[in-house]
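J.: Structure below; questions to follow.
The values are calculated or read from the model by the stated rules, or taken from the named source; none is laboratory data. In this text the structure is predicted, and so the values were computed from the model without any measurement. Because the Cβ atoms are built from the backbone with ideal geometry, glycine has one as well, and the counts that use them run over all protein chains shown.
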Amino acid sequence: MNPQTIVVKIGTSSLTQKNGQIAIATIASLVETLTALRQKGHRIVLVSSGAVGVGCLRLNLKEKPRKMALKQAVAAVGQGRLMRTYDDLFNSLGQPIAQILLTRRELMERNSYVNASNTFEELLNLGVIPIVNENDTIAVDELKFGDNDTLSALVASLIKANWLFLLTDVDRLYSDDPRIVPNATPIDLVSSNEFNQLQVTAGGSGSSWGTGGMATKLAAARIATSSGVTMVITQGQQPQNILKILDGESLGTKFEPQTQTDNARKRWIAYGLIPMGKLYLDDGAVTAITQRGKSLLPAGITNVEGEFTAGDAVQLCDRNLQEVARGLVNYSSQELNKVKGSHSTDIASILGYNASDTAIHRDNLVIKD
Ligand SMILES: Nc1ncnc2c1ncn2[C@@H]1O[C@H](COP(=O)(O)OP(=O)(O)O)[C@@H](O)[C@H]1O
Ligand SMILES: N[C@@H](CCC(=O)OP(=O)(O)O)C(=O)O
């Protein structure tokens, strides 16, 4: 197999045992597997949860704190211990690692997005395994990834990975939460054209330590597959299965990639940014941008929702309120409220100054699959 770029995400539920102790055997096996993959020439990034869980363990807290500041303090305790554990184990196999802590803010700002991407590139070229987590200590609510499933999919998109493995405490996706519905049907493969028809009940976390459960894993699958990444949900207790899956064995649930968005800037618009508002479009505008590759003109906008400034990301929705695209606006929400539905030739007289013909230029538009 050609060298692949592989992101592996492991959840708290796999890093901790039922009794709350750290799952040393699982971590050791993960470290061996990732080192073996590196030795085969693959480029590896590990996204590891567990800072809060390990912090609680260190501080003898019996459950995950609910108060934000306390959770952040606990994560600060746990992150160091987690990295210490990883460094000891990777070091014994001669594998260098690095720590990367990210918040949503870094991926929202184009310069820091590009910087993060360059840093990953250099680390991977050096043969290092970067270990990523959310920077829980400084992340504020509105700028949180919130869960590492989403973070890992954004990282996979950022570094143009071939694969994203989500290691968790179930062996695959089921039609329903198998803890609640024991005879739920296992799902082995989700092909690119089946994704939108997928009939599953994605429940919350199965343990008191996990975040998001299956719902955030499916959200991650959407981001990953539409960035051209193959995603697999598989059992965290057997990280060595990653090697078998790469060799073609069917273990876990595999999500096939959609057509790849090659343009890094467009991937950033689609996934890096948090949309600040919505534009509702008439049918003509929807067809023009989705089928004819046109820019969005103010004439096709029927309604504007939210408050944003020029340069912000917005969602574009059709008359059924379905999101059809995302893009960076050339106007603020105030301006768009004045010029929506107007012809480009009238805009200067409505606003009293010369402005862009397009509400969103096609170079700044990303159409949803
Ligand atoms: N449809 C489903 N298929 C499989 N697992 C599901 C489903 N819905 C909910 N779950 C639950 O999701 C849990 C895994 O998510 P989570 O606890 O957040 O793990 P992690 O810490 O690995 O992110 C499983 O233990 C399972 O109980
Ligand atoms: N950043 C948090 C992880 C949050 C999270 O997504 O947890 P999980 O659902 O266990 O992957 C931590 O390190 O505790």
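Here's the yes/no breakdown for (1) under 18 Å from the mean Cα position of the chain (by Cα); (2) away from ligand 2 (no atom under 15 Å from the Cβ); (3) part of a helix (DSSP H, G or I):
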| position | (1), (2), (3) |
| --- | --- |
| 211 | yes, no, no |
| 220 | yes, no, yes |
| 225 | yes, yes, yes |
| 245 | no, yes, yes |
| 249 | no, yes, no |
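J.: Among the numbered criteria (1) under 25 Å from the mean Cα position of the chain (by Cα); (2) within 16 Å of ligand 1 (Cβ to nearest atom), which single criterion is violated by residue 31?
T.: Checking residue 31 against (1) under 25 Å from the mean Cα position of the chain (by Cα); (2) within 16 Å of ligand 1 (Cβ to nearest atom), the one that fails is (2).
J.: Test residue 74 against the criterion of being touching a Gly at 6+ places or on another chain (Cβ under 6 Å) and closer than 30 Å to residue 126 by Cβ, and give yes or no.
T.: no
J.: Now for a separate question. Identify all residues within the stretch 84-101 that are among the basic types (Lys, Arg) and part of a loop (DSSP other than H, G, I, E, B); write none if there are none.
T.: none
J.: On to the next question. Please state which one of 157, 152 is buried (at least 24 other Cβ atoms within 10 Å of the Cβ), assigned by TED's automatic domain parsing to the domain that holds residue 83, farther than 14 Å from residue 100 by Cβ and touching a residue at least 24 places away in the same chain (Cβ under 8 Å).
T.: Exactly one of 157, 152 is buried (at least 24 other Cβ atoms within 10 Å of the Cβ), assigned by TED's automatic domain parsing to the domain that holds residue 83, farther than 14 Å from residue 100 by Cβ and touching a residue at least 24 places away in the same chain (Cβ under 8 Å), namely 157.
J.: Given the structure, is residue 286 assigned to a strand (DSSP E or B), crowded, with 18+ Cβ neighbours inside 10 Å and away from ligand 2 (no atom under 16 Å from the Cβ)?
T.: Judged against the criteria, residue 286 is not a match.
Yes or no, residue by residue, for (1) under 22 Å from residue 43 (Cβ atoms); (2) of a type in the set (Asp, Glu); (3) near ligand 1 (Cβ under 8 Å from one of its atoms):
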{"position": "168", "(1), (2), (3)": "no, no, yes"}
{"position": "173", "(1), (2), (3)": "no, no, yes"}
{"position": "176", "(1), (2), (3)": "no, yes, yes"}
{"position": "183", "(1), (2), (3)": "no, no, no"}
{"position": "190", "(1), (2), (3)": "no, no, no"}
{"position": "208", "(1), (2), (3)": "no, no, no"}
{"position": "219", "(1), (2), (3)": "no, no, no"}
{"position": "227", "(1), (2), (3)": "yes, no, no"}
{"position": "234", "(1), (2), (3)": "yes, no, no"}
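J.: Determine whether residue 114 is exposed (fewer than 15 other Cβ atoms within 10 Å of the Cβ) and closer than 18 Å to residue 264 by Cβ.
T.: Yes.
J.: When you go through 357, 346, 369, 363 one by one, which is the residue that is charged (D, E, K, R), assigned to a helix (DSSP H, G or I) and closer than 17 Å to residue 294 by Cα?
T.: Answer to the selection: 363.
J.: Out of the residues in the stretch 136-154 that are modelled with pLDDT of 90 or more and touching a helix residue (DSSP H, G or I) at 6+ places or on another chain (Cβ under 8 Å), state the one that is farthest from ligand 1 (Cβ to nearest atom).
T.: Within the stretch 136-154, the match that is farthest from ligand 1 (Cβ to nearest atom) is 154.
J.: Give me a count of the residues in the stretch 235-263 that are among the small types (Gly, Ala, Ser) and surrounded by fewer than 16 Cβ atoms within 10 Å (Cβ to Cβ).
T.: Number of matching residues: 2.
J.: Moving on to the next point. Only residues that are away from ligand 2 (no atom under 16 Å from the Cβ), over 20 Å from the mean Cα position of the chain (by Cα), surrounded by 14 or more Cβ atoms within 10 Å (Cβ to Cβ) and assigned to a loop (DSSP other than H, G, I, E, B): list them for the stretch 160-199, please.
T.: Listed by number, the residues that qualify are 171, 175, 176, 178, 184.
J.: Out of everything in the stretch 265-316 that is touching a helix residue (DSSP H, G or I) at 6+ places or on another chain (Cβ under 9 Å) and among the aromatic types (Phe, Trp, Tyr), what residue ends up being nearest to residue 117 (Cα to Cα)?
T.: The qualifying residue nearest to residue 117 (Cα to Cα) is 268.
J.: On to the next question. Looking at the stretch 3-20, which of the residues that are more than 16 Å from ligand 2 (Cβ to nearest atom) and either in contact (Cβ under 8 Å) with a residue 24 or more places away in the chain or touching a Pro at 6+ places or on another chain (Cβ under 6 Å) (or both) is nearest to residue 214 (Cα to Cα)?
T.: Ranking the candidates gives 6 first.
J.: Does the stretch 27-82 hold any residues that are closer than 21 Å to residue 135 by Cα, in contact (Cβ under 8 Å) with a residue 24 or more places away in the chain and not in a helix (DSSP H, G or I), and which are they?
T.: The answer is 44, 45, 46, 47, 48, 49, 50, 63, 64.
J.: Please count how many residues of the stretch 28-44 are surrounded by fewer than 23 Cβ atoms within 10 Å (Cβ to Cβ) and within 16 Å of ligand 2 (Cβ to nearest atom).
T.: 0
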